[in-house]
Structure formats: C-alpha cells, structure tokens
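Read through the structure below, which is laid out as structure tokens, and then see the notes.
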Amino acid sequence: MFQRDFLALLGMFKKIDNLGTDVISQEEFRAAIESRFNMELTNSQFESFLDRVPLDEEGNVMYTRFMQQFDANLDDEPKSGRPKTSTNEENTTRVDELIRCDRMMKIREIALKLKIPKSTVHEIVHDTLGYRKVSARWVPKMLTEGHKLQRVEISQRLLQRCQQDNGDEDTTHIGVGPGGDFQANNNFFDNLITGDET
C-alpha cells in the first residue's frame with residue numbers, strides 16, 4: 001500500500017470513529033475499503049478478508065491494529081523538523097548532579113533550576129538515568145556497575161580486616177564457638193553501620 005493510500009484510508013477510519021475508540025463496525029470498515037479502492041467485495045470475499053483483520057470481543061474492527069500491518073516502518077523513518085537537543089549529555093550530567101546533591105528534589109524544581117522542560121527532565125531522570133522515587137527520594141532502579149564494584153571492594157576490605165591477625169584491638173577474629181555459635185571477640189561489628197540508623 002502506498003503512503004498516500006495508507007494515509008487516506010486511515011483518515012477515513014478516523015472520520016468514521018469520531019469518538020476515538022480505535023474500533024469501527026464491520027459494515028463501516030467494508031464501506032471504507034470499497035469506497036477508497038473503488039471496488040465491491042462479495043460477501044464471501046469480505047468474510048475471508050475479515051479472517052485476517054483484528055476484531056474486538058464484540059466483532060468490531062480494530063482498525064489501528066489493522067493499519068499497523070502496513071505501517072511497520074513508519075515510526076522508524078526520520079522525522080522532519082528540529083532535532084531533539086534538550087536530552088543531551090550535558091543536561092543529563094547536570095540533572096544527575098542535582099539529584100545526587102538533593103535526592104528529594106522534584107522534577108519541577110529541577111526543570112526550573114536548569115531552565116529545561118519538565119518532560120525532558122522526566123525523560124532524563126526515568127529513561128536515561130534510570131531513577132525512580134522511593135519514599136520521596138530518587139534512587140537508581142538497579143545498582144550500576146560502579147555501585148557493584150564499590151560493594152565488592154568494601155566487602156573485600158572488611159573481610160581482610162576481619163582476617164588480620166596482628167594483635168590490634170580493632171581486629172576482630174570471627175569464628176564458631178564450642179556450641180556452634182557465631183563469635184566475634186571485640187567491638188568491630190558494633191562500629192559497623194549497615195544502614196540508615198537515624
């Protein structure tokens with residue numbers, strides 16, 4: 001189907017669907033096809049044609065899904081107009097710095113501070129940086145590679161510190177006691193912060 005025919009047929013469907021439900025009756029669909037392509041379909045031809053047309057549970061034609069079969073690459077084609085410039089590396093860095101300084105900052109506040117649209121800030125925060133709001137704070141959706149490496153390094157340092165046997169008072173010897181109980185012989189773990197203890 002040529003782009004001109006595609007757009008004309010889609011326009012006809014949208015005129016018929018004045019409520020914007022993305023569905024039209026089978027009769028309206030048939031009339032639009034016959035009118036646009038200047039042809040008449042027999043009942044048997046139309047029935048076999050309907051076998052390849054997406055229908056809702058009431059038997060109405062879901063014309064947007066039908067048209068998508070002919071429009072597979074339309075979204076991938078280059079668009080005319082000004083290219084997207086606000087979601088760039090500089091703005092992404094600036095937004096990330098603001099969030100790291102104040103994790104309770106709102107998207108609206110970031111947009112005002114950086115003088116960029118809220119929609120752009122939202123896209124940067126959620127899609128590019130991968131943050132989400134938890135208890136009114138921005139947190140990464142998942143650990144970044146840097147966070148994972150940092151956790152491994154800290155764990156290795158703690159393990160080395162636990163395994164040291166140089167007689168320092170801060171050194172903790174970890175082992176299993178006579179009854180199979182976990183034992184630590186000094187206050188190393190008392191000084192270890194494992195979470196937000198405020």
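The values are calculated or read from the model by the stated rules, or taken from the named source; none is laboratory data. Quick caveat, the model's predicted, so the values are computed rather than measured. Using ideal geometry, Cβ is built from the backbone for each residue, glycine included, and neighbour counts are taken over all protein chains shown.
From the list MET39, MET104, pick out the single residue that is outside any helix (DSSP H, G or I), loosely packed, with under 13 Cβ neighbours inside 10 Å, under 23 Å from the mean Cα position of the chain (by Cα) and at pLDDT 85 or above. Explain how you work it out, then say what you get.
Details: MET39 fails: under 23 Å from the mean Cα position of the chain (by Cα).
After ruling out the rest, the residue left standing is MET104.
Among the listed residues GLU77, GLU57, GLU28, GLU90, which satisfies the condition of being surrounded by fewer than 14 Cβ atoms within 10 Å (Cβ to Cβ) and modelled with pLDDT of 85 or more? I'd like the intermediate steps shown before the answer.
Details: GLU77 fails: modelled with pLDDT of 85 or more; GLU57 fails: modelled with pLDDT of 85 or more; GLU28 fails: surrounded by fewer than 14 Cβ atoms within 10 Å (Cβ to Cβ).
Being surrounded by fewer than 14 Cβ atoms within 10 Å (Cβ to Cβ) and modelled with pLDDT of 85 or more holds for just one of GLU77, GLU57, GLU28, GLU90, which is GLU90.
How about region 1-24: which of its residues are small (Gly, Ala, Ser) and either under 12 Å from MET67 (Cα atoms) or modelled with pLDDT of 90 or more (or both)? Explain how you work it out, then say what you get.
First, the residues of region 1-24 that are small (Gly, Ala, Ser): 8, 11, 20.
Scanning region 1-24 gives ALA8, GLY11.
Here are the criteria: (1) touching a helix residue (DSSP H, G or I) at 6+ places or on another chain (Cβ under 9 Å); (2) under 19 Å from PHE6 (Cβ atoms); (3) at pLDDT 85 or above. Tell me which single one MET62 does not satisfy.
Condition (1) is where MET62 drops out.
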